[in-house]
Amino acid sequence: MKKTLLLLSLVILMGASAIAQKAEVLYFKANLACCAARACATVEKDVKATVEKNFTKEKVVFKQVKLDDPANKALVDKHNAKSQTVVMVVKKRRGETVIDLTDIVRKYSRNNNKAELEKDLVARMKPALK
């Protein structure tokens, strides 16, 4: 019985530490004509590809958040999000840390330099995951 309780406690602690290290990249998207066309869709695709290329799904998950969906109202309000707002939320044992990546994404929207997007995103995200 004691071995079972010890094993169960160990599994719970390991699960809690795995949750504590998980991060989400939230890409806030408006339902605008440009977003239905190429501009926003291309930026979103490139940000998502960069995240998936450089981080495992166990560490970082990319999520699209539609601004006009009532189910997302709390998230939109919490992050004061507008179209193409991008934040990384790192869940830790004692809460969460939010890193705003919007400036990197806006810069990419203007210069279309994928290498610079990847370099800047990874440089800002990696330290937060330690």
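The values are calculated or read from the model by the stated rules, or taken from the named source; none is laboratory data. Source: prediction; values computed, not measured. When we count neighbours, we look across all protein chains shown, and the Cβ atoms used for this are built from the backbone with ideal geometry, even at glycine. Accessible surface is based on the protein model in full, side chains and every heavy atom, while ligands, DNA and RNA are left aside. Shrake-Rupley method; radii C 1.70, N 1.55, O 1.52, S 1.80 Å.
Numerical summary
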quantity: Formal net charge of residues neighbouring residue 108 (Cβ-Cβ distance under 13 Å; K, R +1; D, E -1); calculated: +2
quantity: Surface share of carbon and sulfur [accessible, 1.4 angstrom probe, percent] for segment 45-89; calculated: 53
quantity: Potential lengthening between residue 128 and residue 93 on full extension [0.36 nm per residue; Cα-Cα distance subtracted]; calculated: 11.2 nm
quantity: 25 Å Cα-Cα threshold exceeded, pairs from 78/119; 22/73; 66/130; 29/78; 53/73; 92/114; calculated: 78/119; 66/130; 53/73; 92/114
quantity: Pair residue 49, residue 82: separation of 7 Å Cα→Cβ label points (nm); calculated: 2.7
